[in-house]
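The structure appears right after this line, and notes come after that.
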Amino acid sequence: MPQKLSHFDRAGRAKMVDVSAKIPTKREAEASAFVVLRPAVLKALPKNPKGDPLEVARLAGIMAAKRTADLIPMCHPLPLSHVAVEMRLCENGVAITSKVATTAVTGVEMEALVAASVAALTVYDMCKALDKGIEIREIMLERKSGGKSGDYARARRKSLPSC
C-alpha cells in the first residue's frame, strides 16, 4: 500500500505533523551538492576580492541549517547538536557535503539539504561576477539514520561529477 503524504490533512490542506508523542532519539543526515565552475573561475578562487568564497559558503551552509524551520513551512524547529559543511575543489567545480545531527523527535534531512543548497548558492553568489553561467547540480540526500523510518543510504550513481 503506498504511503500518504504526511503534511496534508484529509481535506488536502497543508499541516504541520504532530510529533508530540514521539520520543527523542539520535538522528543524523548527510546531503550533497555540486557547483559547476569553469577552469578560469576555479583558478580565480584564491584571489576573490570578496574573500575566500569556499569559507564564506561553508559558514553560510552552517547558518542555513540552523534556520531551516524559518525557510521550509512545515519543518519543526530542531535543536541541532552538530552541523558540518565541507567543500572539495574538483577539476570542474566544487563538491559540497553537509552533515547534521540532533537528538530530537524528528529527523534532520531538510537541515542537511538546506545546508548543502545554501552553501552552493553562496558559491554562486561569491563567483557570479566572473561567470553568470555557473550551475548548481545534484542536490540530494546521501544518507540518514534514526527515526521510525530507519536508515537510508543513497546508492552511488555513475553520473555524479568526479573530483
Matching residues in segment 24-62 - criterion: being assigned to a helix (DSSP H, G or I), of a type in the set (A, V, I, L, M) and either under 22 Å from Gly146 (Cβ atoms) or touching a Lys or Arg at 6+ places or on another chain (Cβ under 8 Å) (or both): Val56, Ile62
Considering residues of segment 68-85 that are exposed (fewer than 15 other Cβ atoms within 10 Å of the Cβ) and of a type outside the set (Val, Ile, Thr) only, the residue nearest to Ser6 (Cα to Cα): Met74
Test result for Leu42, crowded, with 16+ Cβ neighbours inside 10 Å, of a type in the set (A, V, I, L, M, F, W, C), in contact (Cβ under 8 Å) with a residue 12 or more places away in the chain and over 21 Å from Arg137 (Cα atoms): no
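For segment 63-87, which positions are charged (D, E, K, R) and either more than 28 Å from Asp52 (Cβ to Cβ) or assigned to a loop (DSSP other than H, G, I, E, B) (or both)? Spell out how you get there, then give the answer.
Quick first cut of segment 63-87, residues charged (D, E, K, R) only: 66-67, 70, 86.
Arg67 - this is the single residue of segment 63-87 that is charged (D, E, K, R) and either more than 28 Å from Asp52 (Cβ to Cβ) or assigned to a loop (DSSP other than H, G, I, E, B) (or both).
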Could you please let me know if Gly147 is buried (at least 16 other Cβ atoms within 10 Å of the Cβ), in contact with a strand residue (DSSP E or B) (Cβ under 8 Å, 6 or more places away or on another chain), modelled with pLDDT under 95 and outside any strand (DSSP E or B)? yes
Residue by residue through segment 122-139, note down the ones that are over 10 Å from Phe34 (Cα atoms) and either in a strand (DSSP E or B) or free of Cβ contacts under 8 Å to residues at least 40 places away in the same chain (or both). Asp125, Lys128, Ala129, Lys132
Would segment 52-71 turn up any residue that is modelled with pLDDT of 95 or more, β-branched (Val, Ile, Thr), more than 18 Å from Ile134 (Cα to Cα) and in contact with a Cys (Cβ under 8 Å, 6 or more places away or on another chain)? yes
Return the only residue of Ala101, Ala153, Ala115 being touching an Asp or Glu at 6+ places or on another chain (Cβ under 9 Å), farther than 19 Å from Ala40 by Cα and crowded, with 17+ Cβ neighbours inside 10 Å. Ala101
Consider only pairs whose beta carbons are under 7 Å apart and that are at least six residues apart or on different chains; among these, list those whose first residue lies in segment 1-25 and is at pLDDT 80 or above and whose second residue is outside any loop (DSSP other than H, G, I, E, B). Ala14/Phe8; Pro24/Thr103; Pro24/Ala104; Thr25/Thr103
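The values are calculated or read from the model by the stated rules, or taken from the named source; none is laboratory data. Computed from a predicted structure; not experimentally measured. Neighbour counts run over all protein chains shown; Cβ positions are idealised from the backbone, glycine included.
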